[in-house]
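The values are calculated or read from the model by the stated rules, or taken from the named source; none is laboratory data. Quick caveat, the model's predicted, so the values are computed rather than measured. Quick reminder, even Gly has a Cβ in these numbers, built from the backbone with ideal geometry, and neighbours come from all protein chains shown. Please note that ligands, DNA and RNA were not included when accessible areas were found on the heavy atoms of the full protein model with its side chains. Shrake-Rupley method; radii C 1.70, N 1.55, O 1.52, S 1.80 Å.
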Amino acid sequence: MIKAHCFLHRPTLLHKMELKEVRSAPPSDYQELQFNRDQHTVVTIGHPVEHPRDYVVWSICSLFHGNPLCFGLVALIFSIKARDMKVIGDLQRARGYSKWARVFNGAALIISYLIILGFFIFVIAPL
């Protein structure tokens, strides 16, 4: 987070130089810009937080279209848990549940493709 005092006057060259130093700072460093103009107004500038994906739509498709070994149902459960954790604000657990939903969705997709490929090879090709 970077704290900067905000003011309604036009920024001068000195202010632009200080802002340039803050922009070039690594995101893990915390810096505070202090201006002598208005000490009552403080603007906090934070880095955007990337929310994890929950893969709910993919899980629903995996559930209804070729649900091998119930992987689509398991993926849907993990997707809903990831969405709940994202709403609560626990992004670390949401990323974990999202990862497992992606794994189960991928496994369901690969197994479904292998079943369809095996059907074409062993049933339709010999005809």
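The table below lists the values:
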| read-out | value |
| --- | --- |
| List I111, I60, ordered by accessible area with a 1.4 Å probe, largest first | I60, I111 |
| Area accessible to solvent at R83, 1.4 Å probe radius, in Å² | 110 Å² |
| Net lengthening on full extension, D84/V56 (0.36 nm per residue, minus Cα-Cα) | 8.9 nm |
| Percent carbon-and-sulfur accessible area, the range 84-127, ignoring ligands, DNA and RNA, probe 1.4 Å | 73 percent |
| In order through the range 85-102: 3J(HN,Hα) via Karplus (6.51 cos²θ - 1.76 cosθ + 1.60), integer Hz, x for Gly, Pro | 5, 5, 5, 5, x, 8, 6, 5, 5, 5, 5, x, 5, 5, 4, 5, 5, 5 |
| Extension gain from I116 to V103, taking 0.36 nm per residue of separation minus the Cα-Cα distance | 2.7 nm |
| Two-site FRET efficiency, L69 against Q92, from Cβ-Cβ distance with R₀ of 22 Å, rounded to 0.05 | 0.20 |
